[in-house]
1. What fraction of the DSSP beta bridges in the range 238-425 is antiparallel, stated in percent and rounded to the nearest 5?
2. For the chain, give me the percentage of DSSP beta bridges that are antiparallel, rounded to the nearest 5 percent.
3. So for the range 228-373, what percent of the C-alpha to C-alpha distances run longer than 23 Å?
4. How many Å² of accessible area per residue for the range 221-321, probe 1.4 Å?
5. Residues with amide H under 5 Å of residue 428's amide H, sequence separation 5 or more or different chain, H placed in the peptide plane at 1.01 Å from N; which?
6. Of 193/217; 76/217; 160/206; 19/76; 42/119; 76/193, which sit over 19 Å apart, Cα to Cα?
7. Whose amide H sits under 5 Å from the amide H of residue 15, counting only residues 5 or more places off or on another chain, with H placed in the peptide plane?
8. Amide H of residue 367 versus every other amide H placed in the peptide plane: which residues, excluding those fewer than 5 positions away on the same chain, fall under 5 Å?
Amino acid sequence: MTVLSLHNPATGEQIGTLKEAAPDEVQQAVEHARRAFAGWSKTSLADRLDLLAQLRLYLVRHGEELAQHISQATGKVPFEAYMTEIFVTIDTIRFYEKHARRMLAPQKAATPLLLQPKKSYIHYRPMGVVAVIAPWNYPFQLAVIPVLSALVAGNTVVLKPSEVTASVGLLIEELFRAVPFPEGVIHVVHGGKEAGQALVASRPDKIFFTGSVRTGKSIMRAASEHLIPVELELGGKDPMIVCADAHVERAANAAVWGAFTNSGQVCMSVERVFVHESVHDHFVALVTEKTRALRQGFPQSAEVGSMTFPDQIPIVREHIEEAVAMGATAVLGGDIPVDGSMFLPPTVLTNVTPNMKIMQEETFGPVLPIMRFSSEEEAVELANSSPYGLNASVWSQDSKRARRIAEQLESGNVCINDVIISFANPHLPFGGVKESGIGRYRGPLGLQAFTHSTSVIHDPGKRRRELNWYPYTEDQQTMMSSVTKWLYGEKRTLSVDALRAIWREFRRLR
Ligand code: NAD
């Protein structure tokens, strides 16, 4: 039996321990969820949304204490825990309460002339048991929002939270006990890689994974064995393009917040900044001044907290050291402690080049590397020269230019004159391209992704046969080729012989 240690990364204090679920317990959770699916999938959407409303009220009532707990488990400052974990979840629930009916209602589709008088529509059917595997950087919302999305769509769920922030997993388990969801509809299995592997091997009907590219690929390989659909929300190396006509102070404020919020442990952190040469020095001066003013620590009043996962620290150090060895300048910070401290100094790097790890690989720490560009084409090329494509930002007061650049970026999401904020709009689908992932969640597409869309074509059923059915005749062939020419060709005429053949064929239908 493996025991997970629960601790506060900022203070090192141990908060408790937790038993890891064994593979057979994970399997049992999936089987239990499968049995519960029969009932849950038949409950009305109104009843499901009613439970969500109860959850929303619980979160509103207990939001501050939950945020304190998340803060203790992650080292993020309480304001960030409230804003990015609790508020975002509450807001998403409200979005489902208002819009899920429309998003899950059958949708009419057009029917071409040749198929008349049939009608067509798309029906959304729940998939079964959804496995949600979550990371440690936003351990609450990145677990709870996919779980709720799956539940709203009529699925049952087995959630495996991250072992790094296991106490948040316990918190989520308590949350789902506090609101009376029917027995078996949501299970939380605690543990690390082995529990995650056991969950994938238990053949859920869909896997929703948020985490690293490496794990995402390994899950996709395992899922392919049984063709289990996977949705992968993976890492990023988000570029920020600051044009000559940007509001430079706003851009500098955004760069500092975008790089250092949650100590840079955000999949959409600003990890690469490209600034037009005409405003580069001014931008760097502002960023340096604003970074120097940040308050770091763990009290209520701090702005930058600690790192969450000790294993991330050597990666951050390696990226900075390599960059400096290759000619980068640490304008601020740069010395990553080797004494086990989880507080990393916010670091601003200039003179970076695209071949450095700091500009290629996900750093996931409080580092802001800045480089200059001289033309729009160069900025787009630099931004796109990355294996990732999660989010990006473009900074310009010329809307046409900003949109022109935004539309050339190889990215699942783009912000104009803002950073990271894409996720805050639940109407927008969220997800990555390239190595940042597969699939979308949030928005109508994101909710429908937890369903099988069934295309239904409905004939009134009054005629004896169809034009394309047996027995085949010469008239059928004449009719098909002449109608094809009439509908799709250059000369839109029908010969008398063709009209006669069509007439005879239509008579055979009755
Ligand atoms: P990770 O891949 O190490 O772990 C994520 C989860 O997968 C954990 O619960 C872990 O226990 C589990 N796991 C590990 N190996 C597994 C396996 N072989 N089979 C099944 N489950 C397994 O990721 P992490 O370090 O927790 O998270 C950080 C990463 O997540 C970063 O790369 C970050 O960019 C990314 N992320 C992406 C998004 C997004 O929406 N795109 C959001 C947040 C974080």
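1. Close to 15 percent.
2. In the chain, approximately 40 percent of DSSP beta bridges are antiparallel ones.
3. Counting every Cα pair in the range 228-373, those more than 23 Å apart make up 31 percent.
4. 38 Å²
5. 443
6. Flagged as over cut-off: 76/217; 19/76; 42/119; 76/193.
7. 6, 7, 8
8. Long-range HN contacts for residue 367: 347.
The values are calculated or read from the model by the stated rules, or taken from the named source; none is laboratory data. Source: prediction; values computed, not measured. Here Cβ is always computed from backbone atoms with ideal geometry, including for glycine, and neighbour counts include all displayed protein chains. Areas reflect the complete protein model, heavy atoms only, side chains present, ligands, DNA and RNA absent. Shrake-Rupley method; radii C 1.70, N 1.55, O 1.52, S 1.80 Å.
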